[in-house]
Amino acid sequence: MHKASRGAVGLLVLSLLVSGCYGPFNLTKRLYRWNGQIGTKWEREFMFIVLAWAQVYSMATLADAVAFNSMEFWTGNNPVDPPRAEQSPVQTKRLVRGDDEAVLTYQPLSSVQTLQIEQFRSGEPAGSLWIERQAEVSVGRDAQGQVLFTARTQPDGRVLVTDRNGKEVAAY
């Protein structure tokens with residue numbers, strides 16, 4: 001068989017193997033998702049450049065296109081699980097006891113974590129509290145934004161709670 005004929009047969013076989021298997025590209029998506037969860041934006045960019053330079057993204061895409069997506073096309077199974085869907089960072093919990101209800105809404109952001117507690121009595125608003133945590137300090141505020149308390153983690157692990165005037169009210 002001539003060299004050109006072998007090449008044509010090879011291309012024909014390859015086209016039959018990968019025909020119609022656009023596929024989900026799970027490995028490439030997992031790599032991209034992993035890269036997006038690394039440290040700061042500068043660390044993510046550095047890692048992206050390293051992975052692109054080392055052709056890790058190219059190899060993942062090629063493995064998806066030729067192997068994993070083809071396997072899924074022909075067998076219905078892809079050996080690489082898709083990346084898990086990102087869950088909303090906001091979490092809400094509703095607590096009910098008789099006519100009393102509390103709705104807790106937790107929102108973790110990169111530098112500040114916020115917990116909002118809304119209280120209801122017989123379906124009517126009865127008050128709310130916002131707790132913001134940043135580093136080792138948590139600040140509790142009322143609905144108008146006035147500081148109610150501050151809780152600081154001490155070097156020895158204790159938590160010191162002070163009122164709005166800075167007076168110690170508890171230590172744990």
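The values are calculated or read from the model by the stated rules, or taken from the named source; none is laboratory data. If you're wondering where the values come from, they're calculated on a predicted model, not measured in any experiment. Note that we place each Cβ from the backbone using ideal geometry, even for glycine, and neighbour counts take in every protein chain shown.
Below, the figures for the structure above:
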read-out	value
Selection status of residue 124, at pLDDT below 90 and acidic (Asp, Glu)	no
Spans of strands (runs of 3 or more DSSP E) in the range 99-172 with at least 2 residues more than 21 Å from residue 89 (Cβ to Cβ) and β-branched (Val, Ile, Thr)	147-153, 159-163
The range 41-85, residues that are touching a residue at least 24 places away in the same chain (Cβ under 8 Å), in contact with a Gly (Cβ under 9 Å, 6 or more places away or on another chain) and either under 30 Å from residue 111 (Cβ atoms) or not in a helix (DSSP H, G or I) (or both)	78
Meets criteria (within 29 Å of the chain's Cα centre (by Cα), loosely packed, with under 12 Cβ neighbours inside 10 Å and either free of Cβ contacts under 8 Å to residues at least 40 places away in the same chain or more than 20 Å from residue 108 (Cα to Cα) (or both)) for residue 136	yes
From 56, 96, 80, 50, residue being assigned by TED's automatic domain parsing to the domain that holds residue 118 and at pLDDT 85 or above	96
From 73, 68, 120, residue being closer than 13 Å to residue 27 by Cα and among the aromatic types (Phe, Trp, Tyr)	68
The range 8-40, residues that are over 25 Å from residue 75 (Cβ atoms), in a helix (DSSP H, G or I) and at pLDDT 65 or above	34, 35, 36
Residue 39, sole failed condition from (1) surrounded by 11 or more Cβ atoms within 10 Å (Cβ to Cβ); (2) assigned by TED's automatic domain parsing to the domain that holds residue 22; (3) not β-branched (Val, Ile, Thr)	(1)
Pairs where the first residue, in the range 145-164, is assigned by TED's automatic domain parsing to the domain that holds residue 130 and the second is part of a loop (DSSP other than H, G, I, E, B) and among the acidic types (Asp, Glu), C-beta under 8 Å, 6+ apart	148/142; 152/136; 153/136
